[in-house]
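Have a look at the structure below before the remarks.
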Amino acid sequence: MKKHSAFTMAEILLSLTIIGVVAAITLPSLTGNINERTWNTQRKALYARFSQGLALMPSLGGYGTYKLAGTDAEGNATSAQDTAAETFVTEGLSKVIKINNICDHEHLQDCGIVSSYTNMAGSINSWPTKLSEMNSMFTGTYNDGPNGTGGTDYTNPQKDIDTFAAAFETQNGESIAIYYNPYCQSDMNENSTYYSQTKMCANFIYDLNGNKGPNTVGKDIGFITAIYPSDPIVVAPLPVIQAISGKKQSEASEACTAMDAESRLPNIHELQAMFYNKDLLGMPESGGFWSSSVISSTTAWDQSPRTGQCFPDSRSYTRDVRCIKR
């Protein structure tokens, strides 16, 4: 008689248990990697569409109406008006990018915008419904307009810009909120300190999969920023979470590469976009960050994460560094 061998029930259960434990350990990592690749591909495609579309618009400034409440020439009270962001989408952006649905600031959720998100520092924030909620430093008077003064009239480009957000959905399923400055200024070849707030025309905070999770900055949530009304510069930096402290500008690029081979130092426009979206990133309120934008062999631009001022500083000074992914 031949003797037949087989697995016992105990051995089968033990094998299944081991397989289950290994799967529980490895599947989240595999799923996360797949999601990361999907988000990166979708993010790059979205940036390409926006870069091409915004370049086709004759100007990014001047859309809609924005006025604070006040009085007219006869002394009669006038109410506030704000159609700027919504008009930018309906009359401008929708002509160069395919858009499915448009929502005003009171109905952002109807365009797939979530009520709260997790920022890059791990804090849960409410989704901003107007420019000052995106970055409180946009409500103020900045003295670097074309005539060199901030002025006091509410129509002055540098005073109290606080437009309501609008939102829209794309044909690819992205939900996007826009924060708009109708009075954005052109590049004036600045060679001294200036405020970057005056340069931002439109800031788009996107959610790649609408109201589905994880609703986290750096994953499915990010931003695209258009700077200057004519010949706009469009950037979409993806910052690295960890900052580097106390580096000379001449050392900053190497510090980024040393931390992560896929990282680099942001240029001044990317750094400005990071300041506009500092609440999304959980950036600090003090110090300054180096950019890769060099003015001369001895001078380069850095920016304050608190005020938005851009400074031409000696490359030998020590500043903090916030790298971005390539």
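The values are calculated or read from the model by the stated rules, or taken from the named source; none is laboratory data. From a predicted model like this one, the values you see are computed outputs, not experimental measurements. Positions of Cβ are backbone-derived with ideal geometry, glycine not excepted, and every protein chain shown enters the neighbour counts.
Quick check on this structure: which one of S286, S292, S316 is at pLDDT below 95 and more than 17 Å from the chain's Cα centre (by Cα)?
S286
What's the number of the condition N277 fails, among (1) without any contact (Cβ under 8 Å) to a residue 24 or more places away in the chain; (2) under 23 Å from N35 (Cβ atoms); (3) among the polar types (S, T, N, Q)?
For N277, the exception is condition (1).
Given the condition exposed (fewer than 15 other Cβ atoms within 10 Å of the Cβ) and at pLDDT 90 or above, answer yes or no: does some residue in region 131-142 qualify?
Among the residues of region 131-142, at least one is exposed (fewer than 15 other Cβ atoms within 10 Å of the Cβ) and at pLDDT 90 or above, which makes the answer yes.
I'd like to know if region 185-207 contains one or more residues that are in contact (Cβ under 8 Å) with a residue 40 or more places away in the chain, of a type in the set (A, V, I, L, M) and either surrounded by fewer than 22 Cβ atoms within 10 Å (Cβ to Cβ) or not assigned by TED's automatic domain parsing to the domain that holds N119 (or both).
Yes: one or more hits.
So, in region 182-211, of the ones that are out of contact with any Leu (no Cβ under 8 Å at 6 or more places or on another chain) and over 24 Å from A300 (Cβ atoms), which residue ends up modelled with the lowest pLDDT?
Checking each candidate, the answer is N211.
G222: free of Cβ contacts under 8 Å to residues at least 40 places away in the same chain and assigned by TED's automatic domain parsing to the domain that holds L46, yes or no?
no
Does region 97-106 hold any residues that are in a loop (DSSP other than H, G, I, E, B) and surrounded by fewer than 20 Cβ atoms within 10 Å (Cβ to Cβ), and which are they?
Residues satisfying the conditions are K98, D104.
Which residue, of N76, N135, is touching a residue at least 40 places away in the same chain (Cβ under 8 Å) and among the polar types (S, T, N, Q)?
Selected residue: N135, the only one of N76, N135 that is touching a residue at least 40 places away in the same chain (Cβ under 8 Å) and among the polar types (S, T, N, Q).
Only residues that are more than 18 Å from the chain's Cα centre (by Cα), under 19 Å from G282 (Cα atoms) and of a type outside the set (V, I, T): list them for region 231-245, please.
S245
Out of region 107-125, which residues are in a strand (DSSP E or B) and small (G, A, S)?
Residue satisfying the conditions is S116 alone.
Being among the aliphatic types (A, V, I, L, M), surrounded by 23 or more Cβ atoms within 10 Å (Cβ to Cβ) and at pLDDT 95 or above narrows it down to one of A226, A236, so name that one.
Checking each option against the conditions leaves just A226.
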